[in-house]
Amino acid sequence: MKKTFLILFAILPIMVFSQIDSTVIYFNNWVEDNDTRTICDLSNIQIIKILSKDTILRGKVFNFKIKEIKKGKIVSEDNLNISNKVEKIPMVINGDTMIYVIDMFDKAGYGKSTDTLLITFAGLLDKKGFKLKIDFPGMGFNKKLKGKDDYLLRVANSKYNNKIKVPINSEYPVLVYTPPINTGAELNSYCLLETENILDWYDKFKIKHYYVIYIEIK
């Protein structure tokens with residue numbers, strides 16, 4: 001019996017840590033209401049939602065990085081810099097200093113009472129570019145990307161049936177904003193991009209410009 005207990009205690013830490021080295025996130029890239037979907041199509045609005053149901057991630061936040069790729073090279077990076085700490089900001093009101101507490105876990109991650117986390121990426125294409133809005137449960141970000149009519153916001157690895165296993169404490173590509181491949185005979189394709197590494201798209205398909213959105217759960 002003692003040997004059995006020793007084996008169990010030796011394996012238990014390994015089991016605990018293996019449970020949190022990765023998680024599965026889900027994608028929803030359609031609007032359920034037909035009228036709303038038609039309005040989005042006519043207005044060049046694109047929407048993708050990321051859903052997490054893993055409460056083992058309690059005490060972690062979801063950060064994102066947007067990397068711009070030109071001719072196979074990363075030319076710019078926009079980091080949302082979402083912190084995995086409770087931020088305390090001093091504010092002076094009527095001569096008195098007050099501390100404003102921002103719990104980032106409740107706003108952009110798994111707080112004490114968070115059961116599911118839904119993050120919405122919504123973009124509008126106009127003459128000035130692609131206006132991207134990233135909405136968390138408690139905060140939002142506005143970003144501006146370069147794009148044209150044939151650019152599409154889509155899941156980076158949608159061949160995995162609208163769900164992806166992503167690592168914890170490491171960045172991982174989840175979304176792309178990209179033009180299609182010109183396969184000739186006026187036939188364009190987005191799906192073929194899933195067959196190669198994202199950073200190899202220029203070498204393989206001559207995609208000169210696109211964006212990759214990385215998730216970082218920390």
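The values are calculated or read from the model by the stated rules, or taken from the named source; none is laboratory data. Everything numeric here is computed off the predicted structure, so don't read it as measured data. Virtual Cβ from ideal backbone geometry, glycine too; neighbours counted across all protein chains shown.
Could you pull out every one of the strands (runs of 3 or more DSSP E) wholly within region 101-218 that has 2 or more residues that are free of Cβ contacts under 8 Å to residues at least 60 places away in the same chain? I'd like the intermediate steps shown before the answer.
Details: elements: 117-126, 129-135, 140-145, 152-155, 163-167, 171-178, 209-217.
Ranges flagged: 129-135, 140-145, 171-178.
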*Qualifying residues in region 71-99 (those that are hydroxyl-bearing (Ser, Thr, Tyr) and surrounded by 10 or more Cβ atoms within 10 Å (Cβ to Cβ)) - the one nearest to Tyr177 (Cα to Cα)*: Ser76
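Yes/no per residue for (1) among the hydroxyl-bearing types (Ser, Thr, Tyr); (2) under 21 Å from Ile25 (Cβ atoms):
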position: Leu145; (1), (2): no, no
position: Lys148; (1), (2): no, no
position: Asn169; (1), (2): no, yes
position: Tyr177; (1), (2): yes, yes
position: Glu196; (1), (2): no, no
*asked:* Just to verify a result, which residue in region 115-127, among those that are more than 14 Å from the chain's Cα centre (by Cα) and surrounded by fewer than 16 Cβ atoms within 10 Å (Cβ to Cβ), is farthest from Leu51 (Cα to Cα)?
replied: Lys127
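Table: residues versus (1) touching a helix residue (DSSP H, G or I) at 6+ places or on another chain (Cβ under 6 Å); (2) over 20 Å from Gly72 (Cβ atoms).
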site: Ala108; (1), (2): no, yes
site: Leu118; (1), (2): no, yes
site: Lys128; (1), (2): no, yes
site: Phe136; (1), (2): yes, yes
site: Lys146; (1), (2): no, no
site: Gly184; (1), (2): no, yes
site: Lys218; (1), (2): no, yes
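Being in a strand (DSSP E or B), closer than 23 Å to Lys112 by Cβ and of a type outside the set (A, V, I, L, M) is the filter here; which residues of region 65-91 pass it?
Glu87, Lys88
Listed here are the residues, each with its yes/no results for (1) under 23 Å from Val61 (Cβ atoms); (2) surrounded by fewer than 18 Cβ atoms within 10 Å (Cβ to Cβ).
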residue: Gly129; (1), (2): no, yes
residue: Tyr151; (1), (2): no, no
residue: Lys163; (1), (2): yes, yes
residue: Pro167; (1), (2): yes, yes
residue: Ile181; (1), (2): no, no
residue: Glu186; (1), (2): no, yes
residue: Glu194; (1), (2): no, yes
residue: Lys204; (1), (2): no, yes
residue: Lys208; (1), (2): no, yes
_Taking the criterion of being over 16 Å from the mean Cα position of the chain (by Cα) and modelled with pLDDT under 95, would at least one residue in region 161-177 satisfy it?_
yes
*Return the only residue of Leu42, Leu57 being under 28 Å from Arg154 (Cβ atoms), surrounded by 12 or more Cβ atoms within 10 Å (Cβ to Cβ) and of a type outside the set (Val, Ile, Thr).*
Leu57
*Look at Ile198 and say whether it is modelled with pLDDT of 90 or more and either aliphatic (A, V, I, L, M) or within 22 Å of Asp21 (Cα to Cα) (or both).*
yes
